[in-house]
Every structure is written in structure tokens, then in C-alpha cells.
Amino acid sequence: MDYQLELTNVAKHYRDFIAVDNVDLQIKKGEIISLLGSSGCGKTTTLRMIAGLIDPTRGTIRIQGQNMNGVPPHKRDISMVFQNYALFPHLSVYENIVYGLKMRKIRDKKVLMERAREMMDIVQLSGVENRLPRELSGGQQQRVSLARAMIVEPKVMLFDEPLSNLDAKLRERTRVEIRNLLKRMNVTAIYVTHDQEEALTISDRIAVMNKGKIEQITVPTELYTKPATKFIAGFVGHANFFEGTVQHVDGDRILVKSKGGHLIQAVVPGASQLSFGKEVTLAIRPENILAGGAGENRPNLVSGTVTARIYLGSTVRYLVDAGEGKEIEIDLQTKHLVDCGEGDTIHFSLDENNLILVDR
Amino acid sequence: MKLTSLAGKLARFLVYLFLLSPLLVVVITAFSDTNRVVFPPRGFTLRWFERAVHSAEFNSSLLLSVRIAVVSVVIACVLGTMVSLWFWKSNSRAKGIFESVFLSPIIIPTIISAVAFLQYFVLFGGLFTNYWKLCLTYAVIQMPYVIRTVTANLVGLDTSFEEASLVLGASPVRTLFHVTLPCIRQGIVGGAVFSFVVAFDECVIILFMKSAKTVTFPLRLYSYITESFTPLISAYSTLFIIVAAAVIYLVEKKIGLSKLY
Ligand SMILES: Nc1ncnc2c1ncn2[C@@H]1O[C@H](COP(=O)(O)OP(=O)(O)OP(=O)(O)O)[C@@H](O)[C@H]1O
Ligand SMILES: [Mg+2]
């Protein structure tokens, strides 16, 4: 199989610290993959190994099938957008943009001018070509660094949190633009970020990293609805967890007795592989918890004391103390607001179709 | 409020006066129409300047000093920049030791360096002419100045510039010339200016290592002054003050020397 970029068993150790642990990744031509994870999980390290800026301790990295081990960065035919942009401070915007072309031995002034103009039109930078980087706004600098990396038509383009220095509005707009641009030029890209929203918008697939490992690679929609692990469910969006043991299995339907003593019934794919007595973790999103159910006697009913009520606009989030130190987050549509304040008892039920079985 | 700012201005003026008055005296005496340097000057003449410009002895010494200074500055800048880059990149434990070694010429009294160089060239002197001995010696003395200014520049330099260059397809050598060196240009030029001055007015080492062919400008001035103390000396000094001020002004304007500190 021909992948544009393939990582096999790649690891990076610093003395006895494992920064990246056995990462496997296959990326097709034109695909955009995000590496998503919290600070220190090894995203930048992975990216820099692909760039050739650091050597992996173990494993192989292939670009278009060619083994890149030992190949220096400048021979990998890649490019990178840095968090701080790293625009050459002594070169004009134009010189910055054509730098990669010049290093690829394109000397013809006309060709350089033309390619630069084309690129600057695309990223809407026309008119500032003779300025120095420090004479640009943050957003403009970001565009220059994008143009500089994109103009060389790299085999793989790497992004290391390129939007983290922009304000929120600009960030939202730019990430859509970056995606459109990458798709239009059919560029293969790896996009490192710790911002889940950014990852969800920009990528075809998201690889969630935790402690140096990739925990799950999947398309954005599934990451939210089908998180594979407890970490991911908690990292991408909010989630409540119920740990317990399986009491009964019937097809896709399982009955779990939680540690807090609640009986929870859930419909989960793959349930038939579970058996009585197995320890499992169920997750549920705050918006899939429904208010009501006082006085009824059926599974999935929980009650607790409201400790906080947070108004979020279209929804209201309740933090509920469900006993034994268990805090549960519930999101209710503002229009379905129940009359319930801090200190009151609230009754709610867990939607059996929206409970998710996660690892650990 | 007003009073304190006035007092501040006055204090500043006095400090400048204190610093500059020796120079002023020199400049003023250069115009004295007497055969000895006297202050206050008597009469007014430009003949000392005319003499200064036409003296063959002084001019050849001047040329020699410039040649030695330029060659030694080039050597010191190339080596000093290389050493600084190594310090910048290396995490090696030996770095600390090398740092003190390379900076030692600033700390060691010049007279001791002079004796050391003299002895060194007694051993290996046959390999070099006296001119090259002086160039090499000065290069060693100047290197710490270059290392300090270049290192000051490198400390603030983000490594991602180099990485960006490499990733965009430039080899390490091209990265050095297209990115790293231009980024530390200020430090190199600053170091060059300082070390030029160091080489140009050096008086101790040259006393130990001079030969008939290598009478540098400071040495010429010195031996002239011991024989006759005419305003010619002041005229030369004045010319130098003007040239030095012009150079500092230009460098400051072009690259901003003050940024180095
Ligand atoms: N040169 C190094 N020596 C030792 N440890 C290192 C080195 N470089 C990185 N690490 C460690 O490796 C881990 C992963 O670092 P990395 O920079 O890849 O994190 P990251 O996922 O990019 O985090 P962030 O979101 O904060 O940028 C961190 O715990 C870091 O301390
Ligand atoms: Mg990082």
C-alpha cells in the first residue's frame, strides 16, 4: 500500500524518559491528520522526528515509501509552519516566501516572482511584499509563514500549533481557510494542536495522543460520539463516567452495577463479548442526561444535590453531587429548564442509547 | 518637578564635561601656533594638520597599523564567530572550560600576554614574518571581544530560524550563510569595531614584538613624543577623534551598537 507518510513503531526516549512511545501512523496523499493531546504528550516531538530535526530512538518513518532514517531535513522535501512563525527577520516578505524555492535551485527571477504573487494572492497578502516580518501584524505573519511553507509544494506539510498566537476570532476563521487551502492544493498535512475544536474543524482524521502514545485515530465525528478510552472521552468535550461490574448481558444490551450502587442499562456495540462480573467504564455526555424520573423505579435513574448552576447560553450546566464524592455534569437546554437551584435535589436519567463503553 | 529635571540636566552636563574635557584640551592645543604643546594655546594655525597629512613616516605607520588591524580583525571575527556558534549549540561539559579559555585574554594583563607571545614566537617564530606574528597575536587578543558581542546576539536568537531554513530545503551550510550569520550580523560588526580599536591603539605587546619594519602608529606617536612634544601630536589625535566619532556614529546608525548591551 502506498502511503504518503508512514510511521512504524516510532519511539523517542530521552535517557529513561519516554517522550514518544511506539507510534504507528499511515497517511494517504492529500489527507490532513491532527495530532491532538494535552501539553507534554509528545506531539511536537513526533512532528520534529518527521521533519528530521530529531532522530527517533526506534522505528521507521517513510515518505512516499522511502525510508527517511538518517536523511537530513533539507533532503526530505517537506515544510513546516512554526508556532512562532520563525520568519527570517532580515528578509522581506517576498524573500521569505521564495526562500524554499531558491533553496530548490529555482533561480529564474520571473518564475520566482510569478509563484510568489500567485501564493500571496491565495493567502491575501498582496501589497506587503517589501516589508520586513516585524512590520506585519500577527495574522499577516501567520499568512507569510503559511505561504512560505506551501509554495514549495512539499510532500508533507507540518504544522506545530500555528494558530495559538492569534486571537480567538481570527483563529476560528484561519483554521477554515487553512483546511480549504490544503484541500485545494491537495497537500498532505500533519497538524499539531491541543485545541480540540481546531482539530475537529481542520482534519480528516484525528490522532489523540496521551503520554507518548496514540490512543485513537478516527474521523472527527466519531471522536466525540465513540471515544475509545476514558482519557479521550474526557479530553474531547465533557463526559461523566460510571465504573462498575457487568451484571447481565443480552445481545447489545448490558446491565451494570456502578460503584455508587446505581443500576445502569446501556446499549453498546460489542457488548456480547462482555461477560458477568467484568469491570467496565461507561461514559455519557452531559447533554445526554435527561431531567426527571422522580419516584419511578427503573434502571438509569440517578439523583443528587445541585452544587452549581452555570449558564452557558443555549444550555445550563448543573454540577451535581451524586454521593460518594461523585460529581456529575448535566447540560439541559435552557428552554427545558427545570426549576432547581443550588442545594436542591435533582432527579435525572441516563439515556441508555447514548452511554459509551470506554477502555479503562 | 521642573527643578529636579533641571538639576538632572546640569548633572548630566557636568559628567559629559568631565569625560570630554581631556579630549577638548587635545583638540584645542592642535591649533596652537607654538612649537610645543601649551594650554591655553597661543595663536591659531592649521600647519600642524598640514604636517600631519604630509609626514611620510607617520603615514606609513598609519597604513601598517590599519593593515594589521584589518587582517587581525578578519581572523578574529571568523574564529570568534565559529567559537560562539559552537558555544551556542553545544551542551558539552567541556564548554565551560573552553569559555574561560577563550575569554581569558581579556582578564590576563596584557603585559603577561605580551611576554607569553614573545616566548611562543621565540620557539615558532621562524614560520612567520613579524607582520604576521602581530596579526596573529592581535587576533588572539581580539577574539574575546568578538565572542562576547556575537554570543550576546546568539542568546536572543531563536533556534527555530535555523530549523525553518533546514526544513525549507537549505543545507546546513546555506542555512549558516543565509540565516544564522545575517541574524547575528550586529554582533559580528560590533565585535569587529571593538577589536579594530583594540588592535589599532595597542601599545604594550608592540613594545615587545616590534622590529624596524613594524613601527605601528601608536609606537610612532610614542617615540615622537619622547623626542619632541609639538602640537603635531595633538593634530593627529584630533584627526583620530573625528574619524572614530564618525565610525561610531555610522555603525550606531546602521546596526545599533547600543543594542548589544
Ligand atoms: N530535549 C529533551 N530532553 C528531555 N526531555 C524532553 C526533550 N524534549 C522534550 N522532552 C519531553 O518530552 C515530552 C514531550 O514533549 P513535546 O514537546 O513533544 O510535547 P508537546 O506534546 O508538543 O507539548 P506542548 O503542547 O506543550 O507543546 C515532554 O514531557 C518534554 O518534557
Ligand atoms: Mg509542542
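The values are calculated or read from the model by the stated rules, or taken from the named source; none is laboratory data. Just so you know, these numbers come straight off a predicted model, no measurement behind them. Counting neighbours? That spans all protein chains shown, and the Cβs are built from the backbone with ideal geometry, glycine included. The accessibility values were calculated without ligands, DNA or RNA, using every heavy atom of the protein model including side chains. Shrake-Rupley method; radii C 1.70, N 1.55, O 1.52, S 1.80 Å.
Sort out which residues of segment A:38-57 are open to solvent by 30 Å² or more (accessible area, probe 1.4 Å) and either part of a helix (DSSP H, G or I) or touching a Pro at 6+ places or on another chain (Cβ under 8 Å) (or both), and write them in order of number. Those that are open to solvent by 30 Å² or more (accessible area, probe 1.4 Å) and either part of a helix (DSSP H, G or I) or touching a Pro at 6+ places or on another chain (Cβ under 8 Å) (or both): A:Thr44, A:Arg48, A:Leu53. Going through (1) over 28 Å from B:Ile184 (Cα atoms); (2) within 13 Å of chain B (Cβ to nearest Cβ); (3) among the hydrophobic types (A, V, I, L, M, F, W, C) one by one, A:Val111 falls short only on (2). Going through (1) of a type outside the set (S, T, N, Q); (2) over 17 Å from the mean Cα position of the chain (by Cα); (3) more than 25 Å from A:Ser79 (Cα to Cα) one by one, A:Met185 falls short only on (3).
Results for (1) surrounded by 10 or more Cβ atoms within 10 Å (Cβ to Cβ); (2) among the basic types (Lys, Arg); (3) assigned to a helix (DSSP H, G or I), shown as yes or no for each residue.
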{"site": "B:Leu3", "(1), (2), (3)": "no, no, yes"}
{"site": "B:Ala7", "(1), (2), (3)": "yes, no, yes"}
{"site": "B:Leu19", "(1), (2), (3)": "no, no, yes"}
{"site": "B:Leu24", "(1), (2), (3)": "yes, no, yes"}
{"site": "B:Val27", "(1), (2), (3)": "yes, no, yes"}
{"site": "B:Ser32", "(1), (2), (3)": "yes, no, no"}
{"site": "B:Asn35", "(1), (2), (3)": "yes, no, no"}
{"site": "B:Val38", "(1), (2), (3)": "yes, no, no"}
{"site": "B:Trp48", "(1), (2), (3)": "yes, no, yes"}
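If the condition is being more than 12 Å from ligand 1 (Cβ to nearest atom), at negative phi and of a type in the set (Gly, Ala, Ser), then segment A:27-45 contributes only A:Ser34.
Let me confirm something: among B:Ser104, B:Ser113, B:Ser92, B:Ser100, which residue is touching a residue at least 60 places away in the same chain (Cβ under 8 Å) and polar (S, T, N, Q)? Just a single option satisfies the conditions, and that option is B:Ser113.
Condition check ((1) within 30 Å of B:Glu57 (Cα to Cα); (2) aliphatic (A, V, I, L, M)) across all residues:
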site: B:Arg148; (1), (2): no, no
site: B:Val155; (1), (2): no, yes
site: B:Phe161; (1), (2): no, no
site: B:Val173; (1), (2): no, yes
site: B:Ile184; (1), (2): no, yes
site: B:Ile205; (1), (2): yes, yes
site: B:Leu221; (1), (2): yes, yes
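Filtered by the rule that a residue be outside any helix (DSSP H, G or I), within 19 Å of A:Ala189 (Cα to Cα) and in contact with a Leu (Cβ under 8 Å, 6 or more places away or on another chain), segment A:70-101 gives A:Ile78, A:Ser79, A:Met80, A:Val81. Take the conditions (1) in a loop (DSSP other than H, G, I, E, B); (2) modelled with pLDDT of 90 or more; (3) away from chain A (no Cβ under 14 Å); B:Ser211 misses just one of them, which is (2). For segment A:46-59, the tally of residues that are near ligand 1 (Cβ under 10 Å from one of its atoms) and more than 14 Å from chain B (Cβ to nearest Cβ) stands at 1. Scan segment A:267-300 for residues that are open to solvent by 90 Å² or more (accessible area, probe 1.4 Å) and either in a loop (DSSP other than H, G, I, E, B) or at positive phi (or both) and the total you get is 6. Against the definition (within 14 Å of chain B (Cβ to nearest Cβ) and within 21 Å of A:Arg175 (Cβ to Cβ)), how does A:Met103 come out, yes or no? So A:Met103 fails the test.
Among the residues of segment A:60-87, those that are more than 12 Å from chain B (Cβ to nearest Cβ) and surrounded by 16 or more Cβ atoms within 10 Å (Cβ to Cβ) comprise A:Ile61, A:Arg62, A:Ile63, A:Met68.
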